[in-house]
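Everything on this sheet refers to the single structure shown next.
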Amino acid sequence: MESLASQARPAAVLWLAGFLQAARLHRVVSFCASSRALSIRMAQCFLLNGLIFLGSLLTLKSVVIPTLLWILPEQCNQMGGQHLCDHKAAIAIYSFLRSGLVEIFYVFWFYPLYVFSFILSTLWYNDIAKHALDVVKRKSLDSTRALNAHNITEPEDQPEGFDRVALGIGEQVYSILLLTIFFVEVSVIGYVPYFGKAMNFLLLSLMYAYYCFEYKWNFFAVSLNKRLEFFESNWAFFAGFGAPCVLPIFFFSPLTSYGLMAILYPLFVLTAAGTQAEQVIDELRTAHEGKLQRIPVFFVAKRLTTQALQLFPVVQKEE
């Protein structure tokens, strides 16, 4: 119990710090003012996911469905003639037609729009992060100062040439597989009775925080081992950072949640780009007693990822 109590204070302090860093949305304005290309991408993202996607969903809920209910009422007393009320088949046919028309709207509009939005938004998020980090780099005297400003140091023994490219590709493949398995793990935990929802919220917060910071870590060539070690050692900070991004999931329907998160996510990518995470965490060490213990957040995902990669044969390099 004493060990748990000693961890509660640093965890709470770091969680609040992460939450406040994510809430610094004025950085979005600063980034957009510094890059016209970034402003255009942000506007396109809001147009697609806000006006078109959420606008279509609002039109369905407030116009299409009420119109169908007026044309094909579900209550007997709303029908034109009493003779229709005497036929239960008429009510069943009305219900079938109404449901079928709504499903057609989903199949031929919402689901294709969802896929189109997901693919295009993913590409735009990369552009948004790149333009923002270009601003961060441009505002420093050189790349070394930019790295120091974020307390990130480049590895001293980085391989060169083809070996460096191969290492980078290998890390990307491992990272994608790791996060995919972790996402499945988080989804399954959400169905556990009693504490599943709370764990799902915590793990989703961590996952989206990792997504937001991964753009910057890739940009500054931070190794996968270093980023995972830093992330798991300061899990409370990143849980707080990711919390605002996942809140819509628990208050809205899946499609509405996606639309809102598609709008909010690039905002938090920008706040992550402007967050000096290691500096903030170091400054808070005096604000709490004791050191936060590392939690192996990705332990299961790393084990499964390693086992999955072992299924593929290793190509020996010829001398």
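The values are calculated or read from the model by the stated rules, or taken from the named source; none is laboratory data. Computed from a prediction, not measured in an experiment: that's the story for all the values here. Accessible surface areas use protein heavy atoms only, side chains included; no ligands, DNA or RNA. Shrake-Rupley method; radii C 1.70, N 1.55, O 1.52, S 1.80 Å.
Taking a quarter of the surface of the convex hull around the Cα atoms of the stretch 1-60, what do you get in nm²? The partial results should precede the final answer.
Details: hull surface 28.3 nm².
For the Cα atoms of the stretch 1-60, the hull's average projected area reads 7.1 nm².
Over the alpha carbons of the stretch 205-296, what is the largest minus smallest coordinate on each principal axis, giving the biggest first in Å?
41, 31, 24
I need the phi-derived Karplus couplings for the stretch 25-36: 6.51 cos²θ - 1.76 cosθ + 1.60, θ = phi - 60°, integer Hz, Gly and Pro marked x.
Those phi angles translate into 6, 5, 5, 4, 4, 5, 5, 5, 5, 8, 9, 5 Hz.
With θ set to phi - 60° and the Karplus curve 6.51 cos²θ - 1.76 cosθ + 1.60, what are the ³J(HN,Hα) couplings of the stretch 183-189 in order, to the nearest whole Hz, using x for Gly and Pro?
5, 4, 4, 5, 5, 5, 4
Please work out how much accessible surface Leu264 shows to a 1.4 Å probe, ignoring ligands, DNA and RNA, in Å² rounded to 10.
Solvent-accessible area, nearest 10 Å²: 50 Å².
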